[in-house]
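Take a look at the structure below.
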Amino acid sequence: MSHDRPFRFSFESLSMKITSDQVDYVAHLGRLALEPEEKIKYQGQLDDILKYMDMLAEVPTDDVEPMAGPVQMYTPLREDEVNTSLPIEEALSNAPARTGTSFRVPKVIE
């Protein structure tokens with residue numbers, strides 16, 4: 001099979017069964033060497049996925065508001081409040097190395 005031309009995918013073709021050539025092309029893209037039995041297995045699995053997508057395409061979504069994910073995300077925020085900081089000695093008490101009132105770390109950038 002020649003892989004010179006990219007596989008064309010459209011939602012109109014979802015009702016069509018995926019072909020062996022299309023399985024070969026997807027395997028080629030994934031750099032997979034599939035045995036003949038594996039090709040048959042994956043052809044069936046990919047066809048099931050496409051059939052499921054056909055079912056999803058039939059669901060009426062006209063009145064559904066677009067979302068970034070399947071559930072509503074909520075990040076509770078708190079008011080910023082000024083609090084007392086740890087004393088320097090307590091903050092540095094577990095530091096493996098320190099210089100004055102700072103943590104001493106290995107140089108990262110040459």
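The values are calculated or read from the model by the stated rules, or taken from the named source; none is laboratory data. On a predicted model such as this, the values are computed, not experimentally measured, just so you know. Positions of Cβ are backbone-derived with ideal geometry, glycine not excepted, and every protein chain shown enters the neighbour counts.
Numbers at a glance
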quantity: Long-range neighbours under 8 Å by Cβ, at least six apart or interchain, first residue over 20 Å from S85 (Cβ atoms) and free of Cβ contacts under 8 Å to residues at least 40 places away in the same chain within segment 95-110, second part of a loop (DSSP other than H, G, I, E, B) and of a type in the set (V, I, T); calculated: A97/V105
quantity: Residue ID - surrounded by the fewest Cβ atoms within 10 Å (Cβ to Cβ), chosen from residues in segment 26-65 that are in a helix (DSSP H, G or I) and of a type in the set (S, T, Y); calculated: Y52
quantity: Members of segment 67-110 found to be charged (D, E, K, R), assigned to a loop (DSSP other than H, G, I, E, B) and surrounded by 10 or more Cβ atoms within 10 Å (Cβ to Cβ), listed by number; calculated: R104
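Residues checked against (1) at pLDDT below 90; (2) among the basic types (K, R):
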site	(1), (2)
K39	no, yes
G69	yes, no
M73	yes, no
P76	yes, no
N94	no, no
G100	no, no
V105	no, no
